Every structure is written in structure tokens, then in C-alpha cells.
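Please read the structure below before turning to the comments.
The values are calculated or read from the model by the stated rules, or taken from the named source; none is laboratory data. These numbers come from a predicted model, not from an experiment. Positions of Cβ are backbone-derived with ideal geometry, glycine not excepted, and every protein chain shown enters the neighbour counts. Please note that ligands, DNA and RNA were not included when accessible areas were found on the heavy atoms of the full protein model with its side chains. Shrake-Rupley method; radii C 1.70, N 1.55, O 1.52, S 1.80 Å.
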Amino acid sequence: MTRWGILATGHIAARFAEDLRLVPGAELVAVGSRTRESAELFAKRHGIPRAYAAWAELAADPDVDVIYVATPHAAHHEAALTCLAGDKAVLVEKPCTLDLATTTELVETARARGLFLMEAMWMRTNPLILRVLELIRDGAIGQVTHVRADFGAAGPFPPEHRMRARTLGGGALLDLGVYPLSLAHLLLGVPEHVHAWARLSPEAVDENTGIVLGWDSGAVATLSCGMVGATAITAAITGTTGRIDLPEPFYRPGAAVLHRLGAEPETIPADLTGGGYQYEAIEVQRCLAAGLIESPLVPHAATLELMGLLDDIKGRIGVSYA
């Protein structure tokens, strides 16, 4: 049995708690927040036996094996460090932190202590996404030449909302753009060429962002994210001999459509249950059982490379959280 704790009590924490019920061998035993009221309300709602009013108290619980950090972005670094200091394995929401430097510190701390650390990029553990990767590696669409993906939310969001509040790591890029970027990185690796533009909000965070990435292989990616309009939230992966379409939402699609040159489209259904968060929990438990300190599906190197890319784009669009 793997004993889980959840740090934070917001919407994502609640969705994760619900999906954890679908994970064999998982037991949700504790929740931590910065206020006792919030922790106790969350515990009562989800049937969790212990509630803590401080992050360090959760991290010190000897009956917790792994902690899922679900705070806003700006608190990921402090929260994850607190959990590692308590000798706990950590699954930290994406983006791992606000920048490469602090993500590097988390990775180095986890490695030095021999503790498991994984960024909760659940798309990379989704069974259908993994099937799409397998098809591409088997040559189903030839060499990948283009990735297109978008993620835009309609809003409007008030200035104090985490999407707009600079102190919380607001903006479309870190919250939404991380998905299109992760897909492009998953398929093609680190780009050699990066171009980006964004319109900034009065709070100095990006509210509508376009990104073009290029690889020396000749492949390109055209990506967008925003919080000023609901986009299709779809993706298309084009290769020299075909294309794979991922419908809304592309990071957790209900199916994929494979187009091979000269053949009828082939629909690949997703045999998924729950909200999709359970697959990252299953991966964490698999790694812990195997004695691993990082996941081969979401390795430290990929997290660091993506954070470096996010830093590059932030610099180009004029967003800073310093």
C-alpha cells in the first residue's frame, strides 16, 4: 500500500483526490494546508483521516510515503523543498517551479537525498498519448515535420485570480502553454530555434502568446496559449507519410485519428477512466516499488529542458517573476 498526502486544497487537489480512488494500492491518508479550516474541510469532503494546518506537519507525518504538491506555481518550490526535507517522495504540479534555477535545486536536492521526484505532467503518462508515441516510433507517419497545438481559456479572470496574479506565477504560458510545449518537446526534443510574442496584461503576465519552434532536422512547431478566448485545444502531429490528430482536449483526448497516406482515417479510441490524473499516480507508485528516484516517462532531464525552454520564452515575451 502506498500512503499519499496532498499539499493544498484547491480544485486540482480535489480532482487528484477523486482519481486516486481508482489507483490500486493507493491510500490517501493526510492533507496539508496553510489554514486548519481549509485542511479539515478538504479532509472531511474526501474522507481523509488526518488534516494539518502547516506544510511541515504534513511532511513530518511518518505514515505518509509520497506527497502530491498542488499549490499555485509560485509555491511549488517552497512546498516541494519542505516535503523533501521531511524525506518524502514528491509529485509536484506542473510547471515544476517558476524557473530553471529553482527546478534544478529541487532535482539536485531529491537526488542528494535519494528521494523520488516527478513533475505532474500527466499528459506524459496518459495511455493514449503513450500509444501515439509508439505509433510514431514505429513509423506510422514517417518523420515528424510539424506539431501544432493550442490551449486557450475564455476567462475573464479577475486581477487577483491565479491566472493573472504575477505573485502567483500567473499568465497563460506557465498554466496553459506548458501543454503544447510539452507535446512538442515530447515528440522532437529541445528546439534549436525559438521565436515568441505575447500581449501582456496590466499585471505584466502574458495573456495571449504565440510560439514558433524550429529544429535543425527541418521540423517546426506552431503553438499558442491564451486566457482571452477559448481555443479548440486540439493538436496535430504531421509526418512525411501521415498525420495524427488529437481532439479536444489534446492532452487527455478521447481518441486519436491516424491518417496514413492513401488510406482511410483510423480512429484509435482511448480506454480511459476517471479524470486522467490516476495515471500519473500509478506511475509514481510503479517507480517507488522499483526503487527509482525518477520516472522514465517524466524524467528529470525532460523537466529541466522544458523549464529552460519556458525561461527562454519568458525572456522573449518580457515576463519575469523576480
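Odds and ends about this structure:
- Criterion: within 15 Å of the chain's Cα centre (by Cα), aliphatic (A, V, I, L, M) and more than 28 Å from residue 1 (Cα to Cα) - qualifying residue of 98, 117: 98
- Only one of the numbered conditions (1) closer than 28 Å to residue 154 by Cβ; (2) of a type in the set (Gly, Ala, Ser); (3) not in a loop (DSSP other than H, G, I, E, B) is violated by residue 232, and that is (3).
- Selection within the range 298-309: residues that are touching a residue at least 60 places away in the same chain (Cβ under 8 Å) and surrounded by fewer than 19 Cβ atoms within 10 Å (Cβ to Cβ). The member of this set that is nearest to residue 25 (Cα to Cα) is 304.
- Number of residues in the range 227-248 that are open to solvent by less than 50 Å² (accessible area, probe 1.4 Å) and either in contact with a Phe, Trp or Tyr (Cβ under 8 Å, 6 or more places away or on another chain) or of a type in the set (Lys, Arg) (or both) equals 4.
- Matching residues, the range 305-322, being in a helix (DSSP H, G or I) and more than 20 Å from residue 75 (Cβ to Cβ): 305, 308, 309, 312, 313, 315, 316, 317
- Hits in the range 170-184 (condition: farther than 20 Å from residue 214 by Cα and either surrounded by fewer than 24 Cβ atoms within 10 Å (Cβ to Cβ) or among the hydrophobic types (A, V, I, L, M, F, W, C) (or both)): 172, 174, 175, 176
- Selected residue (criterion: nearest to residue 32 (Cα to Cα)) from residues of the range 55-72 that are open to solvent by less than 40 Å² (accessible area, probe 1.4 Å) and in contact with a Lys or Arg (Cβ under 8 Å, 6 or more places away or on another chain): 55
- The one condition from (1) under 22 Å from residue 275 (Cβ atoms); (2) outside any helix (DSSP H, G or I) that residue 160 does not meet is (1).
- Every pair of residues 6+ apart whose Cβ atoms lie under 6 Å, when the first sits in the range 249-267 and is over 23 Å from residue 122 (Cβ atoms) and open to solvent by 70 Å² or more (accessible area, probe 1.4 Å) while the second is basic (Lys, Arg) and not in a loop (DSSP other than H, G, I, E, B): none
- Those residues of the range 275-296 which are in a loop (DSSP other than H, G, I, E, B) and open to solvent by 50 Å² or more (accessible area, probe 1.4 Å), in sequence order: 290, 291, 292, 293, 294, 296
- Of residues in the range 216-226 being more than 15 Å from residue 142 (Cβ to Cβ) and touching a His at 6+ places or on another chain (Cβ under 9 Å), the one most open to solvent (accessible area, probe 1.4 Å): 216
- Sole residue being assigned to a helix (DSSP H, G or I), more than 29 Å from residue 163 (Cβ to Cβ) and in contact with a helix residue (DSSP H, G or I) (Cβ under 8 Å, 6 or more places away or on another chain), chosen from 136, 129: 136
- Search result, residues across the range 186-204 that are surrounded by 15 or more Cβ atoms within 10 Å (Cβ to Cβ), in contact with a strand residue (DSSP E or B) (Cβ under 9 Å, 6 or more places away or on another chain) and under 14 Å from residue 155 (Cβ atoms): 201
A quick yes/no check of all residues on (1) surrounded by fewer than 16 Cβ atoms within 10 Å (Cβ to Cβ); (2) small (Gly, Ala, Ser):
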position	(1), (2)
106	no, no
112	yes, yes
119	no, no
127	yes, no
132	no, no
148	no, no
151	no, no
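- Selected residue (criterion: least open to solvent (accessible area, probe 1.4 Å)) from residues of the range 34-47 that are more than 24 Å from residue 282 (Cα to Cα) and small (Gly, Ala, Ser): 39
- Scanning the range 1-17 for residues that are closer than 21 Å to residue 122 by Cβ, of a type in the set (A, V, I, L, M) and part of a loop (DSSP other than H, G, I, E, B) gives a single hit, 8.
- If you go through the range 206-229 and keep only what is closer than 16 Å to residue 151 by Cα and outside any strand (DSSP E or B), you end up with 227, 228, 229.
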